[in-house]
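Okay, structure first, notes after.
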Amino acid sequence: MLQKVFHPFDPFVLLFTIGFTFMGIYFLYKVIRWIEKLSEEDKELLINNIFTVKTWQALGETIQESLLHKRIFGVNRRLGFMHMSLAFGWFMLILIGNIESIYYSGRFFKPIFVSVFWRFFDPGASFPKAVYLPGFAFWMDFFLLLVISGLTLAIIKRFRSQWLGLKRTTRQRPVDRFALTALWLIFPIRLLAESATCGVNGTGSFLTGTLGHLMASSLSLEPFVLPIWWSYSFVLMVFFLCLPFTRYAHIPSEAVLIFFRKYGIRVSKESPGFTDLSLHACSSCGVCIDVCQLADSLPDRRIQSNYFIKALRYKEPSNVQWDCLQCGRCEKICPVELEIMPLRQISRKDMEIGSKATISGHNGRNGQKHRILYFAGCMTHLTPSVIRSMTTIFEQSGSSWYFYDSDGKSCCGRPLKLAGQIEGATSVREQLEADFLASGAELLVTSCPICYRMFKEDFVLPGITVLHHTQYILELIEWNRIKVNPSMLKGAYHEPCELGRGSGVTSEPRKLMSKLYQSDATPLIDGLCCGGSLGGPGLALATRRAVARSAFNDITLGKPDVLVTACPLCKKSFAPVSDIPVLDFSEAVVRSLILEPTQPESHRALKSSREIPVTAL
Amino acid sequence: MLTEKKHTEPNQFRIAVIGSGPAGISAAISAAAIGMEVDWYDKESRPGGKLNDYHQLFPDREFADLVLDDFTGKADSIRIKKHFGTTITRIESANGQNVLYSNTEVVGRCDSVIVATGFDFFDARIKEEFGYGIYDHVITSPDLEKILKTGHDQLKKGGIAPESMAFVHCVGSRDQQIGINYCSRLCCITGIKQAIEIRELFPSCKVYNFYIDIRAFGSGYEELYRQAQEKYNIHFIRGRVSEASENQQNRIVVKAEDTLMARPLKVTVDWLVLLVGMVPSCTQVSVNQAQCSDPETGFYQLQNPFAGSGLEKPGIFSAGACGGPMSIPEAAASGRSAAIEAWQYLTSR
């Protein structure tokens, strides 16, 4: 027995070794390829940050996410437990197995298979039980039990996903199912193998010991021991051989992704290496399916992010990147925090007309300087009531303002960007940026959350504060530049995806609601997509209508008298499905405005001297 | 259908007609002419429905009032029991007997019902980009019809005749964006007729019609379309209007695309008229708590469109534009045919 401990080997370990070595080499190759295909800037980020504290932070995050799956816990506890028990349990089995093998063999460096199959080489018989319990054997059994409990949940999820709080589970490719079967078999076979060895030797803890004892008492175990260990090694080999080509590639990839992300690398079309890594890091957990509003209206189409990522990763012929409203709900909930929206956008880059965008960005101010620019946006031009209301608000507040796109000819570029026409978007942005800066403006107010997000995220406008009109109106009210009388009606606020989730403007519209309506029936749900999004050029209008209708029903559960939104597109999407008035904030404000008589010049001058200090915003 | 052994007297049957537009009037007159006992309902206190608000009718330009007088004269000369000012909201149908409700109140019982509740005009405020309800000088075709009827001076600004006017076809019709995919069929000819009227009233006024197709299907319609172009010099521009805005002089700036010339264009007009489509009436009745509407269009769904006008339950028939867009002659014919259908049903059951 001792001899075995010091020179542990049996031919069956070769199967595992082949699989594991293949996976290791292949994965190493992938990592090299990913780094190679990073842009020069990203490579620099990698080199500059690798020997900093960020590496340690990334290590901590890896433990939290790859092993404990903290974020999945936050989304769905049962699902979190399933992922945690499989990943953390297995990791602990490897770790404790390793420590045990080092402890008893006295060797630190030894082939990997030694610790993996340690129980075969050392059933524990040569050691006194008192030392052994509740030592390694107990903990090994404990974590094996944890893994098996997670496995049970995984099997339940496959067949009865609603028991795990998922309406739908992912539909898998054949090779994924094959690897899944291998994965499912690993732990029951391991349990059998360890129990058999323990049964023969009379060792083992509460799980393997008990089962081993039962097995040994009912049949002659000796001839079965080796074949079971062979099968264990075989399923391990199959799993490791499949791993790089299946969803299970996320196990090593996610850790690499966490490190790269910590170093500041982001999805961009210049860094295909990082894009490929992101695609590999998707665990296909499926939480993105239920949050997708299209899951109900298009149940037969596999358009949710995990299918989209699969289609990209395996280069399946598909136009799935067009069938998405880009509302961002999946990105927000994604436990791996994949940059799904940028992935969608760069996957759209092949559109033919993209290279020929000649849209002009600005309208020409005739060289005049203006302190406050109002940029309505093209969508707001389709809702003239918003422009009219904003005009009233500007006039009432006494601000001197300039209607930048009064002729409706300017484009912020975001529709181009969402359609994957990155170059067109950039050229439009550069023109507009230059003109904004030349205008001498300090404040840029827009009525459109789509423009707002573009100005905030993509534009570089030093010295210019960009505000959505909800923020601006709130400032005007708080600075007493306009006065409102709250309405007796019950209002509900629909949060536009580009404003709330997209740009993080969440509190101002809600504060404004409380100033405009005595009773607020705004639902507590995360901003839904109205169906009108510019992000989904591939979707049929009937589908968009279905999305609008179901979103409207969810938003108006509190039976409001009026629905208030902050985006012209949402207003237009809801108008045909709504039986209550749908207003933009500007209109709601004008309805509640305490109008002042036409202001004399002196008053106006006085008011203007009390302009809102932009820096105070 | 009629069996020998059963001898039936028409007056043993009681039939209800809901609605008093062209279809309802014709149905009531025809049912009474057959000899049935007719209960006639309308939500308004006088008959005629939307015909009351029209000025002249296409394509021959008869005055709507005269056409309506002709209808009501016939209805007055025959025995029909009128229950105007009563809104029927639902019908409970069981064992061949129908009970009519106005909300929760029972207002009548009968053997058969003809539903002729008509249509509503599309609410143009939903297409906000055209500015209806926002700009004073954007009106709809029924608005213009009322103006023409009550005095076209309302179209003048400060006593000056309008210089230009534009009509937008297919507002709330053939528009997937708002989920109305069907063609309302009659807005084209309405727009042509109204454009001609404007040219007659204000010969110096330029008139533009923005259309996607002209569907002049009825007898005399195509001729009127040709006249509009050749005799009245009305500009027909193929292309959808994208948006309308108001300039400093309160005139309407229309942005559109001329798809024949393949170029965008901008026209400034004094008035913009939206030719609104026909949508299901908001006062549709339910039968045994069920809405009998077609899921696609919202109009009543006919059980067998080839053989007649039967609705959800036997003995209940639809007539006129509550089953889909129809012209006045078509609606009147459909009312007469529903009366015959009802008579056949009652005598053969």
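The values are calculated or read from the model by the stated rules, or taken from the named source; none is laboratory data. Not measured: the values here are computed from a predicted model. In this analysis, Cβ positions are derived from the backbone assuming ideal geometry, glycine residues included, and neighbour counts consider all displayed protein chains. Surface areas here come from the heavy atoms of the whole protein model, side chains and all, with no ligands, DNA or RNA. Shrake-Rupley method; radii C 1.70, N 1.55, O 1.52, S 1.80 Å.
Odds and ends about this structure:
- ³J(HN,Hα) computed for each position of the range A:220-234 - Karplus, 6.51 cos²θ - 1.76 cosθ + 1.60, integer Hz, glycine/proline x: 7, 7, 2, x, 8, 3, 5, x, 5, 5, 4, 5, 4, 4, 5
- Relative protection proxy for B:35-42, A:588-595, A:55-62, from highest mean packing down: B:35-42, A:588-595, A:55-62 (other beta-carbon atoms within 10 angstrom).
- Most to least packed among A:63-70, A:377-384 [average Cβ atoms within 10 Å]: A:377-384, A:63-70
- Listed residues B:ARG240, B:ARG263, B:ARG251, most fluctuating in chain B (Gaussian network, C-alpha, under 10 Å): B:ARG263
- Cβ-Cβ FRET estimate between A:ILE525 and A:ASN48, R0 fixed at 41 Å, reported to 0.05: 0.45
- Residues whose amide H lies under 5 Å from that of B:SER286, counting only those 5 or more places away or on a different chain, are B:ARG90, B:ILE91; hydrogens are built 1.01 Å from N in the peptide plane.
- Close amide H contacts of B:VAL276 (hydrogens built in the peptide plane, cut-off under 5 Å, sequence separation of 5 or more or a different chain): B:SER141.
- For the protein assembly as shown, adding -39500 (n - 2.57) for each run of n ≥ 4 DSSP H residues and dividing by the number of residues yields -13500 deg cm²/dmol at 222 nm.
- Helix axis angle, B:64-76 relative to chain B longest principal axis, alpha carbon, degrees: 10 degrees
- Kirkwood-based Rg to Rh ratio, the range A:1-89, C-alpha trace: 1.14
- The equivalent ellipsoid that matches the C-alpha gyration tensor of the range A:484-592 spans semi-axes of 23, 15, 12 angstrom, in descending order.
- The range B:259-291 versus the range A:435-474: alpha-carbon centroid distance in Å: 36 Å
- Of interest is the spacing of the C-alpha centroids, which for the range A:76-108 and the range A:171-237 amounts to 17 Å.
- Proximal aspartates and glutamates relative to B:LYS156, as straight alpha-carbon distance under 17 Å, when same-chain residues fewer than 8 apart are discounted: B:ASP136, B:ASP143, B:GLU145, B:GLU197, B:GLU200, B:ASP270
- Fraction of alpha-carbon pairs over 23 Å apart in the range B:122-278 - percent: 31 percent
- Take every DSSP beta bridge whose two residues both sit in chain A; close to 5 percent of them are antiparallel.
- Here the label points at A:TRP230 and A:GLU36, each 7 Å from Cα along the C-beta direction, are separated by 4.0 nm in the simple model.
- Protein accessible area in the protein assembly as shown, 1.4 Å probe - carbon and sulfur %: 57 percent
- For chain B: rounded, prolate or oblate by the Cα gyration tensor [a/c cutoff 1.5]: prolate
- Cross-link pairs exceeding 32 Å in C-alpha to C-alpha distance, out of A:LYS110/A:LYS315; B:LYS193/B:LYS255; A:LYS332/B:LYS266; A:LYS511/B:LYS255, comprise A:LYS110/A:LYS315; A:LYS332/B:LYS266; A:LYS511/B:LYS255.
- Solvent-accessible area per residue, Å², over the protein assembly as shown with all protein chains present [probe radius 1.4 Å]: 44 Å²
- Couplings for the range A:41-55, taken from phi via the Karplus curve 6.51 cos²θ - 1.76 cosθ + 1.60 with θ = phi - 60°, read 5, 5, 5, 4, 4, 4, 5, 5, 9, 5, 9, 10, 5, 4, 4 Hz in order; Gly and Pro are left as x.
- Pair B:GLN154, B:ASN181: separation of 7 Å Cα→Cβ label points (nm): 3.7 nm
- Residue-wise HN-Hα coupling along the range B:186-200, computed from phi with Karplus coefficients 6.51, -1.76, 1.60 (Hz; x: Gly, Pro): 9, 5, 4, 5, 4, x, 5, 5, 5, 4, 4, 4, 5, 5, 5
- Inter-label distance for B:VAL106 and B:ARG226, nm, one decimal - labels placed 7 Å from Cα along Cα-to-Cβ: 6.0 nm
- Excluding same-chain neighbours fewer than eight residues apart, the aspartates and glutamates reachable from A:LYS70 by a Cα-Cα span under 18 Å are A:GLU61, A:GLU254, A:GLU331, A:GLU337.
- Inter-chain shielding of B:122-129 (mean C-beta neighbours from other protein chains, 10 Å cut-off): 4
- Angle of helix A:541-555 to the longest C-alpha principal axis of chain A, folded into 0 to 90 degrees and rounded to 10: 90°.
- Amide H partners (placed H, <5 Å) of B:GLY108, local residues excluded: B:LEU100
- A convex hull fitted to the Cα coordinates of the protein assembly as shown yields 240 cubic angstrom per residue.
- Burial ranking of peptide ranges B:192-200, A:97-105 (average Cβ count within 10 Å, highest at the top): B:192-200, A:97-105
- Buried accessible surface for the B/A chain pair comes to about 1200 Å², total over both chains, computed with a 1.4 Å probe.
- Each other residue within a Cβ distance under 11 Å of A:GLU457 adds +1 if Lys or Arg and -1 if Asp or Glu, for a net charge of +3.
- Other protein chain Cβ atoms within 10 Å, averaged over every residue that makes up B:236-243: 1
- Per residue of A:381-390, other chain Cβ atoms within 10 Å of the residue Cβ number 5 on average.
- Listed by chain and number, the lysines whose C-alpha is less than 17 Å from the C-alpha of B:LYS81, apart from same-chain residues fewer than 8 away, are B:LYS43.
- Against chain B, whose longest principal axis comes from its Cα atoms, helix B:141-150 is set at around 90 degrees.
- Separation of alpha-carbon centers, the range B:11-38 and the range B:186-240, rounded to whole Å: 37 Å
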